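Q: Have a look at this one before I ask anything.
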Amino acid sequence: MTPNNHQKKQPTPEKSPEKSNTGSAVEFNHIENVIAVMSGKGGVGKSFVTGLLASSLAKKGYQVGILDADITGPSIPMLFGLRGPVEPGDHGILPLQSSSGIKIISMNLLLPREDQPIIWRGPLISSAIKQLWGDVMWGNLDYLLIDLPPGTSDAALTIMQSLPLKGVLMVTTPQGLAAMIVNKAVHMAQEVGVPVTGIVENMAYYRCPDTGKQHFIFGPCHSDAVARAASAPVMAQIPIDPMVAELCDSGKIEQAVVDESEALFTAFVKKVPVAGKPIPLQDSQSGYDTSPTRHTVDPTMALPVIQDDASHDQSFAGKGYSEKARRLIQSKENLGCFETPDARAKFKGWCGDSMQIDLLLAGDVIREARFMTDGCGATIAAGSMVTTLARSKSLTEAMQIMPEDVLTALDGLPEDHKHCAELAVNTLRETIKTALENSKGKS
Ligand code: ADP
């Protein structure tokens, strides 16, 4: 609990703000939904996503607040062009209000100078966050968004354990490292029993203003994998937009026009509704449900049925299935299809089982691949593996994938199921042929 040497020069949570004549404001507040916005890693746009979502909600008539819990690196006031100091009210600190009426509190609004650093150890930071929660007069809010500091620190733990969170919105970017670290945050939320509300993939791609073409600057997205681990939907994939950065830097985030914010708003309000307010109708142009990377079930393809005698892990143990194959049969990685794939093909194997593969392309590189099958567990493992092997390869490279490669990657399949790897590879090849034909058609 001991602050470091710099502590003497620092405002303490107990004294901040000096003007407050507070006591607890909590009993005067009525906050319907408290949602934390979290990322594993800094700089992925967590504050930006918080600000964007808050702006969309406020513009649609919801009462919104933001608690900037990034005590040592607060950026919310800057995004909204707000400067302190905040004023005391009858029962606590009065938050500042943005131009669209979002109530905002941040450590920076309590400091005499906005560039004054906060150099506190974890426990003091946690205590400051509790005070920002308890001593601020939020009044009636439909949503309070809490912008967490990056990582799985004390601050994140304090909020998850001591505030009445409805859920956590996870922000990630396409880089593998960001996805790996956000998975830690997902596990943390799961361990403390806070549900993950949704995933937002920020900086997902750059859309060329001249051609409208999407460039996947940071590589293929990983949000689907994060979504699977979190059992939560991907609510939006937001592109990199230099205009956004400029508006954020100049305190005008509320003026940012981001097409995907409508999708985020719809998906969010549907997942975390407010009593008495209408839930937006399914908008065919919005939300992860209808984005190009949506997984859907193709009605023309039967759902996969595991035909082996039981579908749980033990049933495959001792039958020649490797641990890897068993894991994929259970997790069904890459199972599904895209609503608007760049290429799709089906193939029926000599055994009578069928498979369908969908591809999303970035140029001639396979960005994402999904499969469906009506076959057995081994077919699911093979479909899972072939789509994983194909990802990030060019069409020509993926054409070279052999059934042996799938078998090797799976650490083998039982002798009488080895043909499932052929079915998976043949389906992939058919899909690649379709992709090549499509691209010839376009040129
Ligand atoms: P974090 O809260 O995760 O540390 P920020 O929200 O502060 O990240 O964003 C980091 C920087 O990236 C900011 O300058 C912000 O304006 C910029 N930024 C975030 N998202 C985008 C985007 N989609 N396009 C362009 N710039 C972005």
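So that you can scan it fast, the table gives a plain yes or no per residue for (1) open to solvent by less than 30 Å² (accessible area, probe 1.4 Å); (2) at pLDDT 80 or above; (3) more than 12 Å from the ligand (Cβ to nearest atom):
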position	(1), (2), (3)
22	no, no, yes
35	yes, yes, yes
43	no, yes, no
46	yes, yes, no
49	yes, yes, no
86	yes, yes, yes
102	yes, yes, yes
117	no, no, yes
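Q: Given the condition open to solvent by less than 20 Å² (accessible area, probe 1.4 Å), touching an Asp or Glu at 6+ places or on another chain (Cβ under 8 Å) and closer than 25 Å to residue 219 by Cα, answer yes or no: does some residue in the stretch 135-152 qualify?
A: Scanning the stretch 135-152 turns up no residue that is open to solvent by less than 20 Å² (accessible area, probe 1.4 Å), touching an Asp or Glu at 6+ places or on another chain (Cβ under 8 Å) and closer than 25 Å to residue 219 by Cα.
Q: Could I ask something else about it? Among the strands (runs of 3 or more DSSP E) contained in the stretch 334-405, which hold 2 or more residues that are touching a Cys at 6+ places or on another chain (Cβ under 9 Å)? Before you say what the answer is, go through the steps one by one.
A: Numbers: elements: 343-348, 354-362, 365-373.
Fully inside the stretch 334-405 and qualifying: 354-362, 365-373.
Q: Follow-up question, since we're still on this one. Cβ-Cβ below 6 Å, separation at least six or inter-chain, first residue in the stretch 43-57 and within 17 Å of residue 267 (Cβ to Cβ), second surrounded by fewer than 24 Cβ atoms within 10 Å (Cβ to Cβ) and among the charged types (D, E, K, R): which pairs?
A: 55/254
Q: Right, residue 361: in contact (Cβ under 8 Å) with a residue 24 or more places away in the chain, open to solvent by less than 50 Å² (accessible area, probe 1.4 Å), touching an Asp or Glu at 6+ places or on another chain (Cβ under 7 Å) and closer than 26 Å to residue 175 by Cα or not? Write out each step before concluding.
A: On the way: in contact (Cβ under 8 Å) with a residue 24 or more places away in the chain: yes; open to solvent by less than 50 Å² (accessible area, probe 1.4 Å): yes; touching an Asp or Glu at 6+ places or on another chain (Cβ under 7 Å): yes; closer than 26 Å to residue 175 by Cα: yes.
When the stated conditions are applied, residue 361 passes them.
Residue-wise test of (1) modelled with pLDDT under 95; (2) among the polar types (S, T, N, Q); (3) within 21 Å of residue 440 (Cα to Cα).
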| site | (1), (2), (3) |
| --- | --- |
| 351 | yes, no, no |
| 364 | yes, no, yes |
| 369 | yes, no, yes |
| 373 | yes, yes, no |
| 382 | no, no, no |
| 386 | no, no, no |
| 412 | yes, no, no |
| 425 | no, no, no |
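Q: The conditions are (1) over 30 Å from the mean Cα position of the chain (by Cα); (2) closer than 13 Å to residue 422 by Cβ, and residue 400 fails exactly one of them. Which is it?
A: (2)
Q: For the stretch 227-270, give me each residue that is surrounded by fewer than 22 Cβ atoms within 10 Å (Cβ to Cβ), more than 15 Å from the ligand (Cβ to nearest atom) and without any contact (Cβ under 8 Å) to a residue 60 or more places away in the chain.
A: Result: 229, 231, 233, 270.
The values are calculated or read from the model by the stated rules, or taken from the named source; none is laboratory data. Everything numeric here is computed off the predicted structure, so don't read it as measured data. FYI the Cβ positions are ideal-geometry reconstructions off the backbone, even for glycines, and counts take in every protein chain you see. Note: accessible area is taken over every heavy atom of the protein model, side chains too, but ligands, DNA and RNA are not part of it. Shrake-Rupley method; radii C 1.70, N 1.55, O 1.52, S 1.80 Å.
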